[in-house]
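Structure first, commentary second.
Read the figures in this text as sums done on the coordinates, not as results from a lab. Given the structure is predicted, the values throughout are model-derived calculations rather than measurements. Cβ: placed from backbone, ideal geometry, glycine included. Neighbour counts: every protein chain shown.
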Amino acid sequence: MISARGVARAAVVAAMVLLPAWAVQAITIDTVTVGNPGNVADDTGYGSVPYTYNIGTYEVMAGQYTAFLNAVAGMDIYALYDADMSRTDRGSGITRSGGGTVVNPYTYTVDANFVNRPVNYVSWGDAARFANWLHNGQPTGAQSAGTTEDGAYFLDGATSKTALLAVTREADWKWAITSEDEWYKAAYYDPATGTYFEYPTSSNTAPGQDMTDVSGNNANYWTAPYVYPIDSGKYTTVAGEFQNSDSPYGTFDQGGNVWEWNESILYGSNRGLRGGSFKDGDGYLQAAGWFAYDPTNWTGGIGFRVSEVIPEPVTMAGMVLGIGGLVGYVRRRMAR
């Protein structure tokens, strides 16, 4: 069992027995489409994205991350699991059993009360490996180029701070950790007016914290005097808990609940975080609020959200060329 995530990981085992494919449940990431490509940036300098993309409607949830662990972390070579995830107050309710060996791999289960709450205690490297797993079609097997080490990001065993800061999104990405501009636009930009809201709840006034209020503009964050947790001893709230408190594009919980990793590098040595968390004040929910953290580290207040590329549409001309090529190929085969 790996007790410290900062120590060197064991070498990748080329052949590893994990749960059989039928025992690993495929997941679905709900997304919303963020259009209006080429929009003007906010006065903060963020938010302009030249392409249309999909973004997770919700933060990546504990149930989804558990499926990921069961697919690739039978030996957990890169410490994708942290013991604090098992907590049922500030954690994700994810527990681990097994020996972490080829014949007795780790298996993971999630408390029913946390399936739809955000996963936390994840590093930037953990989030990048999850994105690679999505990019690769949610495969089951050893942590390798075909599962977690290549895809949207070429990680190739990267675990050190220097190595993770050097990682960039590949041109052929399918799923990725949100870029800061992707995150910012989905959270604050109002396509109806071409302007930006102050909060990611489609509002310019600070959200409340009322889980029963269906009128909108509520979020899970800290206020004086020491108001948290707001959900019966659980520090995170269920995805989409705050009805009618979504962003203009339809995302939930971009303000509060857990900080969300993005791809930016700040101060030259840390990865960016946006959105605040259950233990931070409303200032971090605002468009001007941000934070930076060591990409190898994690806390109970940190999770992530993913973006999905939208494939270029196939044009009629392309279809005609493709059909023509196929016909030519068939004719050549018949002539042989």
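Distance between the 7 Å Cα→Cβ label points at V40 and Y228: 3.5 nm.
Lysines within cross-link reach of K185: Cα-Cα under 16 Å, excluding same-chain residues under 8 positions apart? Output for K185: empty list, no partners.
Histogrammed with a bin width of 10 Å, the alpha carbon distances of the range 169-212 distribute as 23, 38, 28, 10, 1 percent, first bin at zero. Rounded to the nearest whole angstrom, the semi-axes of the ellipsoid equivalent to the range 178-278, taken from the Cα gyration tensor as √(5λ), stand at 22, 19, 11, largest first.
Ranked from largest, the principal axis spans of the Cα set of the chain equal 82, 53, 38 Å.
Each Lys or Arg adds one and each Asp or Glu takes one away; over the other residues whose Cβ falls under 15 Å from the Cβ of N104, this sums to 0. Positive contributions from Lys and Arg (+1) and negative ones from Asp and Glu (-1), summed over other residues with Cβ under 14 Å from the Cβ of I27, come out at -3. Using the alpha-carbon positions of the range 115-226, Rg (one decimal) and Dmax (whole number) come out as 18.3, 49 Å.
Model label points for E312 and Q243, set 7 angstrom from Cα along the Cα-to-Cβ axis, are 4.4 nm apart. Using 0.36 nm per residue and subtracting the Cα-Cα separation, the extra length available between N297 and T168 on full extension is 44.6 nm. Modelled spin-label separation between V214 and T28, with each label point placed 7 Å from Cα along the Cα-to-Cβ direction: 2.3 nm.
Three principal axis extents describe the C-alpha atoms of the range 142-188; from largest down they are 38, 23, 18 Å. Alpha-carbon geometry of the range 59-128: the Rg and the Dmax are 11.2, 34 Å, given in that order.
Its Cα gyration tensor gives the range 203-259 an equivalent ellipsoid; the semi-axes, largest first and in whole Å, are 18, 12, 11. For a paramagnetic label modelled on T193 (point 7 Å from Cα along Cα→Cβ), amide N atoms under 18 Å away belong, within the range 268-305, to 286-288.
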